[in-house]
2 protein chains.
Amino acid sequence: MDDILLMLPGPTTVDPRVLQAMAKDVVNHRGDEFGEIYTETTKLMSKTFQTKNDSYIITGSGTAAMEAAIANTIPRGEKVLNAVGGKFGERLADITKVHGMESKVLDVEWGTAVTADKIEEALEADEDIKAVTVIHNETSTGVAQPIEEIGKVMKNYDALFIVDTVSSLCGDAVDVDKYGIDVCFTGSQKCIAAPPGLSAITLSDDAWAAAEKIDAPTYYLNMLKYRDNGNKTPAQTPYTPSVSLIYAMKKALEIVQEEGLDARVARHHNAAAATRAAVKALGLELFPDEDVSSATVTAVKMPEGITDSQLRGTMLDKYGVQLAGGQDHLKGNIIRIGHMGVISYKELAITFTALGLTLKGLGCDVDPGAGVAALANFY
Amino acid sequence: MDDILLMLPGPTTVDPRVLQAMAKDVVNHRGDEFGEIYTETTKLMSKTFQTKNDSYIITGSGTAAMEAAIANTIPRGEKVLNAVGGKFGERLADITKVHGMESKVLDVEWGTAVTADKIEEALEADEDIKAVTVIHNETSTGVAQPIEEIGKVMKNYDALFIVDTVSSLCGDAVDVDKYGIDVCFTGSQKCIAAPPGLSAITLSDDAWAAAEKIDAPTYYLNMLKYRDNGNKTPAQTPYTPSVSLIYAMKKALEIVQEEGLDARVARHHNAAAATRAAVKALGLELFPDEDVSSATVTAVKMPEGITDSQLRGTMLDKYGVQLAGGQDHLKGNIIRIGHMGVISYKELAITFTALGLTLKGLGCDVDPGAGVAALANFY
């Protein structure tokens, strides 16, 4: 218990079984043994994405998958609707521009969610939009976007539906085929709870058809090469993969299946609800609208008169609990509590005990036990 | 000893201390603890590259670094001289084209090395060449290029000198500053002997100056962002790094320093000479010109009347030693024996015993002990 408890929106605490799997001897990535491991891992990924399509593992973090999603499926010069209500929405818009497409930003106030209506309106107003990008779980603001509802709208338009589930997959409901998502991707180090360094991506038939028509100016992230090599016997990646991290990812995905995907998602929702209740019980205010708040990270307004370094510094230095701060204009204005991956009442008990004691110590008029008392309704 | 012995040109056998370092708990990649680890690792990388410049770790394999090297430092439409004498030379030429530069290929017969004279001739003939790319160690043919001599020529021209040392750094002499290399990169899983999944890159002042003028259409591999984030306190990577692999890389680089860089390079040269002697003693023929043969991988012509699956299949299935085959038009025509990383006489003893017995078993008229007997002059 001497270790730092990571209550971050990634990386998350990694199960010792996953760390041990990672430490196995490295095998040849062009051989049968690895081919089998890679195939099993990508099959587990497709099961987790809930898609009949193949999935691919990229040796690179979530941002690599973000770039692969955009660069491979949209012709240069074409228009993309980027829903932007936080830092990761901005990143997808930046990538859109870096790759020479026209980024049409659908501005969403930070702390609120984009709605299916807004997306529909934008698509109605401009028939040249070739793709829509949505961050399912905007880690920077703690907001979940209604991707199922947006998916229903998208079915009436030709535009590709590109969804970032980096910090939501396995922690919130993502059903790629049911929602009609064309390009979906995630990272290893969030709710899958493997170490950071890998991302996974899956493309629909429409997305592949688009990719086949594009001479994408990206080499390492060229998805057609991932597909070609994935279809070889034994299955391969186009370039040397991170064999050790794929061992870890496979084990982490097996643990997801052991728990059951639905049960894991429900556990995250319960932890999120418990976290919100405990936050409020300590007299703090949620940053986002509660009805669109994330299942995997809770953003909380900084209490008046307390600085980020006081609050998060005390939490870390005195109590060994690491929370995340705000990014960009939210720096110093919010704290973010990640509840991703292996999260039970125990982690929340430690976190809210520490938070209660920290607030008390900083002179807040608060019952330091009120946070954990509020967990009673959830565990 | 029941494990498969990897005698491949990467991945190589990883020291158990490195595997154990990798299995440590994942820490926050934006925190002080990781910042210190990352800084120490990049400093060790600069020491290994023998440069006063900073180095950066990319979460991605060698190909990611190849793309970063080209995409960041050469303006679109400009001319690049790609020395191509094997598969990795071709890859750099492909990346050059994918990124919209003009690739001028300096064709080198596979199995021979490019010479400094040929590079000089090409630069004299065309003053528009903005960069020259050379694969130091062409893994596909087992040839080492004379980068020190080429570096001397390059000093008389304005073009950037871009050198791929993916399969040579720590196994052959690479002195970035002394040779005047502008962009140098390597992979984790070759002579550094860490697991695959990371690459490292360093840029000269001239290369940075070029990068600052380019709006590179790459996001994940944008080196300016690596520099900006590397300069933060604590030092960071622009996107989530593979924390576990960086633990491993740091430990592997520490082991390099323990051994001594020069001693490690000398050990590789000795292993290469021993391998060539043993190969010839078994009546086999080297594929490349011996005077340009690689210090880290030896390419050998397939003996008459024996197929790749007979030779490599028997080596693997019966004797547990994995060799690499040929690529592209060399498929079936050569075998490649990697001697990278943790290679002593023990690995060569096993390999050449197995190779002698395999050849004998396949009906070759050979003394199966002749290979290991030839090792006597080297160990």
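Worth pointing out:
- The tail of the calculated P(r) for chain B, taken as Cα-Cα distances beyond 28 Å, holds 45 percent of the pairs.
- Computed [θ] at 222 nm, deg cm²/dmol, the protein assembly as shown (DSSP H ≥ 4; -39,500 (n - 2.57); rounded to nearest 500): -12500 deg cm²/dmol
- Of the trypsin sites (Lys or Arg not before Pro) in region A:188-237, the ones in a loop by DSSP (not H, G, I, E or B) with at most 13 other beta carbons within 10 Å are A:Lys213, A:Lys232.
- In this structure, the pairs whose alpha-carbon distance is over 26 Å, taken from A:Lys318/B:Lys24; A:Lys130/A:Lys178; A:Lys47/B:Lys87; A:Lys155/B:Lys97; B:Lys97/B:Lys250; A:Lys232/B:Lys79, are A:Lys47/B:Lys87; A:Lys155/B:Lys97; B:Lys97/B:Lys250; A:Lys232/B:Lys79.
- Size of charge dipole - region A:249-359 - debye, nearest 20, with Cβ of Lys, Arg +1 and Asp, Glu -1, no other charges: 280
- Summed buried accessible surface, chains B and A, 1.4 Å probe, nearest 100 Å²: 3400
- Placing unit charges on each Cβ (+1 for Lys and Arg, -1 for Asp and Glu) gives region A:188-237 a dipole about its Cα centre, and among A:Ser204, A:Thr218, A:Ala235 the Cα reaching farthest toward its positive end belongs to A:Ala235.
- One Cα centroid belongs to region B:343-358, the other to region A:1-43; the line between them spans 32 Å.
- With a Förster radius of 25 Å applied to the beta-carbon distance between A:Glu285 and A:Asn156, the computed FRET efficiency rounds to 0.05.
- For the protein assembly as shown, the extents of the C-alpha atoms along the principal axes are 85, 52, 48 Å, listed from largest to smallest.
- Dipole orientation for the protein assembly as shown: of the candidates B:Ile192, B:Thr139, A:Ile181, B:Ile192 has the Cα lying most toward the positive pole (charges on Cβ; Lys, Arg +1; Asp, Glu -1).
- Normalised by the number of residues in chain A, the mean separation of alpha-carbon contacts (under 8 Å, six or more apart) gives a relative contact order of 23 percent.
- Applying both filters, DSSP loop and at most 16 other Cβ atoms within 10 Å, to the GluC sites (Glu not before Pro) of region B:99-183 gives B:Glu109, B:Glu127.
- Out-of-range pairs (alpha-carbon distance over 30 Å; input A:Lys251/A:Lys346; B:Lys43/B:Lys213; A:Lys251/B:Lys301): A:Lys251/B:Lys301
- Cysteines (scope chain A) whose Cβ has no counterpart Cys Cβ under 4.7 Å: A:Cys184, A:Cys364
- Once Rg and the Kirkwood radius are both taken over the C-alpha atoms of region B:315-379, their ratio Rg/Rh works out to 0.98.
- Choice from A:Gly180, A:Gly142, A:Gly260 with maximal GNM fluctuation in chain A (Cα, 10 Å cutoff): A:Gly260
The values are calculated or read from the model by the stated rules, or taken from the named source; none is laboratory data. Nothing here was measured: the structure is a model prediction, and the numbers come from that model. Quick reminder, even Gly has a Cβ in these numbers, built from the backbone with ideal geometry, and neighbours come from all protein chains shown. In case anyone asks, the SASA skips ligands and DNA or RNA and just uses the protein heavy atoms, side chains included. Shrake-Rupley method; radii C 1.70, N 1.55, O 1.52, S 1.80 Å.
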